[in-house]
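This report concerns only the one structure given below.
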Amino acid sequence: MSPLEKLVTPDYSTSQFHLYHNSHLALAASMPLVGLAVAASPTGFLNTLADLTLLAVVPYHAHVGMNQVLTDYANFKSARFAMAGASALATLGMIKLVLGGPGIINSVMPLFTGKKVADWED
């Protein structure tokens, strides 16, 4: 299977599917770290570490998971390429949040706490 085929149809690749299942474990293992980062101060080493962990796992996990949905309900190439584009945009957005913004955790916390996110630095 070519690299482009693995990107567009990761749910058909055995190695990609095993990596997807391991991403479940990585997400579960990162939850204590995320909890500590939320309990700690809004900025700091734990937040950065938790944000980078989520950045490494969540986009891949979402991309492969949504491709499984496409296999069941919209199994045609244009939908697969659209999903690859959407995954790339989401990943770039998360990179911008982590490296140039408040971070993933500080962006999601106001949904649960009602507190305002600190303004981004320009």
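The values are calculated or read from the model by the stated rules, or taken from the named source; none is laboratory data. Because the structure is predicted, anything quoted here is derived from the model rather than measured. Using ideal geometry, Cβ is built from the backbone for each residue, glycine included, and neighbour counts are taken over all protein chains shown.
Which pairs turn up if I take residues in the range 19-47 that are of a type in the set (Asp, Glu) and look for partners that are surrounded by 16 or more Cβ atoms within 10 Å (Cβ to Cβ) and at pLDDT 85 or above with beta carbon separation below 9 Å, at least 6 apart in sequence or on another chain?
Listed by first residue and then by second, the contacts come to nothing, as the list is empty.
Go through the range 61-78 and report how many residues are under 17 Å from Met31 (Cα atoms) and not hydrophobic (A, V, I, L, M, F, W, C).
1
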